[in-house]
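What follows is a single structure, written as structure tokens, with notes after it.
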Amino acid sequence: MNKLFNIFASSIFSLSIIAQTNISQPLNFHIEKEVLSPLLRVVPQSQIFVDEDTNGAIDAQENCTIRFEITNEGRGDGVGCVVRTAIAGTTTGIIVRDIALPTILSGEKRWVEVPIQAGKNTETGEIQFSIVVDEPNGYGTDPIVGKISTHKLKTPFVQVASYKVVGGDDGKLNRLEMFKLQVIVQNTDQGTAENVTVGLHLPENVNWQGGSEQYLNIGSMKPKETKMLEYELMASQRATDMITIMVNVAERTGRFSKDTEIPLHFGQYTKGNIALVIETTDFQNVSTTETKSVIIPTCTIHYPIAYKSTYSSSSILLCYSVSGELGEDYKIEFSVGGKTVEPIKQMPHKGAQTVSCTEVELPMPQDTKRETPVSVLVVGANEVIWSRDKREFKYVCEIKPTLHVFAVGVNKYKSDDFQNLKYAVYDAKDFAETIMNYADKNEYKQVDTTIILDEAANRYNLEDQLIELSKRVQKDDVVMLFFSGHGANVNDDSYFITSEAKDPLRGLSFHFINQRVKDMKAQGCHIFVFMDACHSGAMRSNIKGNELRPITLAEPGVVGYYSCTERQKSIEKDELKNGVFTYALIEGIKHGKITISSLEAYIIKLVQEETNNDQYPLVIKDESIDNDYVIFYKRK
């Protein structure tokens, strides 16, 4: 059985072919490309993202471009080539189309541009893209993959943020006495509001006396900008006891504003501002209410003292107090992550004038990676928020990773140039089954397994599956890659021979595999490669220098386990139904809790015993390695 997998940094290989029978022998192939076939490549480091405002993101209503250079290294011309782009993620409002290319002559280099259009409905998030230049006979490029942030349209929202009524000398609102209405208008969202107008609509028998004009254009308002207006008003004897003043707010589009009703009654005290506490995330759910004849109560969180604290349990304990009169029209609410929650338990208030602390236990989320805001609020009639105190908490419990097992085995080949193998399929299935049966499920959120065998292991399916795997991995996930089948070095490039390939050049490029590994490393994954193949130790030439530095969970790397040195053969035994290296690997997994170094020692010892020292396995470490990192936790 022959398995060749080049997953680390690029290196230069001599022309060779690796294959395996019951006792693997090196084979020599003479590869002749089809006459006048093109061979399209992406010029390394040529990819460029161009956007109009140069902020490196796709903004709503913006036209962008991904540019890259391709070269035709084949002897034939590339005819009928099409640039195909697939996108995933936050794709609302994003338009990308296929592009037909003119003939690409042999030896020609050409720049390719992929236009990206973002509509007004584009959301804030991220798109993942994969771009290929597709050639009808399969000589197209490997995919270019990447991620680009997207930004939604920045809109304004103009509304009344607070108001205040100033009555007569006795502090009351009286008929036949002029009173002042002070209104603060604010743009509470992220866009600039143009042509902002404020109109004051008065009820019957209430008249404007002076101050700000009843109908006023206050021009543009930047985000968070406020304008204070003050109206002088008077009511006649005929005015009803309860009156409602309407403040109409509008901006240029007529879509991003909100009117406010101000209910008043004569005889009420007019002390203090009526503050409408508004946040960008929830301002559309806040409404106004009538003024009160008492000082607005305020709440204060006394514990925890730190503004940003940590928690690791399912709940937290807050101590808070309320100052002022907490009458029938007010209530205390608790918010976690912007959502109202009911406390698990709390001590009752000690009278209306709350001086001593009140303790409350609140439920907390267990799956967040961001700070969680927790608030205590004083809420009045019509759900108006009068007072708020807030703390932020960070969840510090360990979030379990996912274990991804990706196993490929090919026994049967359509081309007569490649000898069918006996144990490649067994190896892939046995490896995946052993991981599933012996890995400690308590150490992982889940075990995600992909097994691809024989005919299903064609080039395009493997490419799609590897791209999908690179998209779904997350930080700290563990990825185990296992390839079993023929491999080849041709013209300084390497290939995994897929089931339908007629020659190595039509197999799965190691360059493509290497790009997917880089994508997963960028996500912060731990990647392990297992290969049982003749001359697999030749991979040692991929290591730059001899320095090996320890890594931590914050510094993921790639580790490769290989069955023999570059000059040795990989031996298999019929009684084991596996290669000797694969047998030793599976036995090591079954052995129990196993680290990088202990697995290496176990495999070397067992393989040498089974082969009478004719085979010496190697472990090749990319970047830096923590030898005590636990790969397998035996199921409890």
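Quick check on segment 493-540: of everything there that is modelled with pLDDT under 80 and under 18 Å from S37 (Cβ atoms), which residue is surrounded by the fewest Cβ atoms within 10 Å (Cβ to Cβ)? Selected residue: D493.
Among residues of segment 206-221 that are under 12 Å from M234 (Cα atoms), those with a Cβ under 6 angstrom from a residue that is assigned to a loop (DSSP other than H, G, I, E, B), sequence gap 6+ or separate chain, pair up as V206/A239; W208/Q214; Q209/M178. Filtering segment 426-464 down to residues that are modelled with pLDDT under 90 and either outside the structural domain of L481 (by TED's automatic domain parsing) or not in a helix (DSSP H, G or I) (or both), which residue is nearest to V408 (Cα to Cα)? Among those that are modelled with pLDDT under 90 and either outside the structural domain of L481 (by TED's automatic domain parsing) or not in a helix (DSSP H, G or I) (or both), it is V447. Here is the figure for segment 153-172: residues that are at pLDDT 85 or above and assigned to a loop (DSSP other than H, G, I, E, B) total 2.
Residues are listed down the side, and each one gets a yes or a no for (1) free of Cβ contacts under 8 Å to residues at least 12 places away in the same chain; (2) part of a loop (DSSP other than H, G, I, E, B); (3) on the phi > 0 side of the Ramachandran plot; (4) surrounded by 16 or more Cβ atoms within 10 Å (Cβ to Cβ):
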residue: T54; (1), (2), (3), (4): yes, yes, yes, no
residue: I70; (1), (2), (3), (4): no, no, no, yes
residue: R75; (1), (2), (3), (4): no, yes, no, no
residue: V83; (1), (2), (3), (4): no, no, no, yes
residue: A88; (1), (2), (3), (4): no, no, no, no
residue: W111; (1), (2), (3), (4): no, no, no, no
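Residues in segment 116-143 that are in a strand (DSSP E or B) and either under 19 Å from the mean Cα position of the chain (by Cα) or loosely packed, with under 14 Cβ neighbours inside 10 Å (or both): G125, E126, I127, Q128, F129, S130.
Across segment 221-258, the number of residues qualifying as within 17 Å of E204 (Cα to Cα) and of a type in the set (V, I, T) comes to 5. Determine whether segment 207-214 contains at least one residue that is assigned to a strand (DSSP E or B), surrounded by 17 or more Cβ atoms within 10 Å (Cβ to Cβ) and modelled with pLDDT under 90. Looking for residues that are assigned to a strand (DSSP E or B), surrounded by 17 or more Cβ atoms within 10 Å (Cβ to Cβ) and modelled with pLDDT under 90, one finds none in segment 207-214, hence no. Residues in segment 175-206 that are out of contact with any helix residue (DSSP H, G or I) (no Cβ under 8 Å at 6 or more places or on another chain), assigned to a loop (DSSP other than H, G, I, E, B) and of a type in the set (V, I, T): T192 alone. Among the residues of segment 340-387, which ones are modelled with pLDDT under 75, basic (K, R) and over 31 Å from the mean Cα position of the chain (by Cα)? Answer for segment 340-387, where residues must be modelled with pLDDT under 75, basic (K, R) and over 31 Å from the mean Cα position of the chain (by Cα): just K350.
Could we say that V160 is among the hydrophobic types (A, V, I, L, M, F, W, C), over 29 Å from the mean Cα position of the chain (by Cα) and under 30 Å from R255 (Cα atoms) here? For V160, the condition - among the hydrophobic types (A, V, I, L, M, F, W, C), over 29 Å from the mean Cα position of the chain (by Cα) and under 30 Å from R255 (Cα atoms) - is met. Under the condition of being at positive phi and touching a residue at least 24 places away in the same chain (Cβ under 8 Å), which residue from segment 584-624 is surrounded by the fewest Cβ atoms within 10 Å (Cβ to Cβ)? Selected residue: G592. For segment 209-263, filtered to residues that are more than 48 Å from the chain's Cα centre (by Cα) and of a type in the set (A, V, I, L, M, F, W, C), the residue that is nearest to V185 (Cα to Cα) is L233.
The values are calculated or read from the model by the stated rules, or taken from the named source; none is laboratory data. The model shown is predicted, which means the values in this text are computed figures rather than measured ones. Here Cβ is always computed from backbone atoms with ideal geometry, including for glycine, and neighbour counts include all displayed protein chains.
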